[in-house]
Amino acid sequence: MSNTELEQKWEALLENPEMRKKMASLLASQGEDSLNCITPKVVVVDDLKSRYQDQSVFMALLHRQNSIQRWTKSQSIQQESLNDHCASVAYLGLLIGYKHKLLNPNENFSPERLSIFCLFHDSPETLGEDLNGVLKGSDLTLREKIKETEELIAQKMAATIDSVLAPYISPYFLMECTTVEKDLVKAADLLSAFAKAKCELRSNNADYVYAAGQLLGDLRKYMDKYPAVQFVYNHYIKAYELTIDELIMFLPKVAELENNR
């Protein structure tokens with residue numbers, strides 16, 4: 001039986017729920033020396049690319065954001081993945097974006113566009129990992145080298161988007177944004193990180209004391225420059241101090257929802 005036929009047989013077995021249960025039971029009953037039932041493989045690049053020639057690996061790479069942990073140099077009470085962070089920044093970016101639009105109605109500005117930039121802002125870390133912010137900020141030469149590497153990784157990942165969608169998706173992924181959008185993405189990024197630090201401080205985690213102070217200092221120039229950032233900070237960030245039981249107390253009653261319709 002060829003390797004391809006063997007792999008197809010394995011795939012067929014794994015698609016059968018009952019067979020998966022039997023395999024799990026069988027593996028659990030085996031000794032340690034018997035668990036190497038799947039033969040190690042050597043990647044043959046040409047063969048691999050031939051078999052998946054019509055596939056883009058872009059989304060499969062982004063899916064790995066779930067596995068990239070942030071704040072790895074700190075002792076966190078609650079782990080935060082890269083996926084968690086990017087989603088948080090996108091939410092905050094949408095809030096900032098709409099407030100900025102309300103304050104600047106004549107400006108050619110899209111809150112939705114800003115939110116998409118926020119969603120992709122750290123995606124190259126899917127392959128490059130999350131590096132400590134204090135480390136990056138402590139050495140300008142190192143910071144430039146890291147930035148250059150991240151930009152190259154972003155270009156490599158963007159190159160995997162299919163040719164039909166690439167003209168629409170790549171500009172977001174490569175952060176081809178205006179100066180205002182770039183500033184507001186950074187502000188949303190800092191707000192998300194500061195909110196995370198507040199959550200850790202709520203649990204008396206002293207590992208985040210310095211980070212919280214530095215992040216707040218970095219945020220101030222964006223709050224001074226953009227009223228929308230100050231607005232979101234004033235109205236949304238302090239609530240991160242609350243526990244889930246306390247947060248629930250702020251939810252309206254069902255009857256109140258009906259009265260407001």
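Taken together, the values in this text are just the output of simple stated rules run on the coordinates, not laboratory data. Computed from a predicted model, the values in this text were never measured in an experiment. Because the Cβ atoms are built from the backbone with ideal geometry, glycine has one as well, and the counts that use them run over all protein chains shown.
Which value, in debye to the nearest 20, describes the size of the charge dipole of the chain about its Cα centre when Lys and Arg Cβ atoms bear +1, Asp and Glu Cβ atoms bear -1, and nothing else is charged? Don't skip to the end; give the middle numbers.
Details: 29 positive and 37 negative charges, 123 e Å.
Charge dipole of the chain: 600 debye, to the nearest 20.
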What FRET efficiency, computed as 1/(1 + (r/R0)^6) with R0 = 51 Å and r the Cβ-Cβ distance, is obtained for GLN155 and ASP207, rounded to the nearest 0.05? 0.90
Which lysines does LYS221 reach when only Cα atoms under 22 Å apart count, and residues fewer than 8 places away in its own chain are ignored? LYS99, LYS101, LYS136, LYS147, LYS182, LYS186, LYS196, LYS198, LYS238
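Just from its helices, what would the mean residue ellipticity at 222 nm be for the chain, if runs of 4 or more DSSP H residues each count -39500 (n - 2.57) and the sum is divided by every residue, rounded to the nearest 500 deg cm²/dmol? Could you put the intermediate results ahead of the total?
Working: 15 runs with 165 residues, N = 261.
Computed mean residue ellipticity for the chain: -19000 deg cm²/dmol.
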Residue span ILE244 to LYS9: 0.36 nm per residue of separation minus Cα-Cα distance leaves a gain in nm of 79.9 nm
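Which net charge results when you count Lys and Arg as +1 and Asp and Glu as -1 among the other residues whose beta-carbon is under 14 Å from that of PHE194? Walk me through the numbers before you get to the answer.
Values: positive: ARG70, LYS186, LYS196, LYS198, ARG202, ARG220, LYS221, LYS238; negative: GLU80, ASP189, GLU200, ASP218, GLU241.
Computed value for this residue: +3.
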Report, to the nearest 10°, how far helix 179-202 tilts away from the longest principal axis of the Cα atoms in the chain, using its own Cα long axis and a range of 0 to 90°. 80 degrees
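Taking neighbour Cβ counts within 10 Å as the exposure measure, how do ASP46, ASP139, ASP122, ASP84 sort from fewest upward?
ASP46, ASP139, ASP84, ASP122
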R0 = 51 Å: FRET efficiency of GLU107 with VAL254, Cβ-based, nearest 0.05? 0.85
Please give every one of the aspartates and glutamates within straight-line cross-link reach of LYS225, meaning a C-alpha to C-alpha distance under 14 Å, and leave out same-chain neighbours fewer than 8 residues apart. GLU181, ASP183
Which of TYR210, TYR168, TYR98 has the fewest Cβ neighbours within 10 Å, and the rest in rising order: TYR168, TYR210, TYR98
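Would you work out if the range 61-248 is rounded, prolate or oblate? Take a ≥ b ≥ c from the square roots of the eigenvalues of the alpha-carbon gyration tensor; rounded if a/c is under 1.5, else prolate when a/b is larger than b/c, oblate otherwise. Walk me through the numbers before you get to the answer.
Working: a/c = 1.59, a/b = 1.15, b/c = 1.38.
Oblate.
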Label point distance in nm, VAL57-GLU144, each placed 7 Å from Cα along Cα→Cβ: 3.2 nm
Can you tell me the FRET efficiency between GLN75 and GLU18 if r is taken as the Cβ-Cβ distance and R0 is 41 Å, rounded to the nearest 0.05? 0.40
On a 0 to 90° scale, report how tilted helix 17-29 is relative to the longest principal axis of the chain, with both axes built from alpha carbons and the result rounded to the nearest 10. 80 degrees
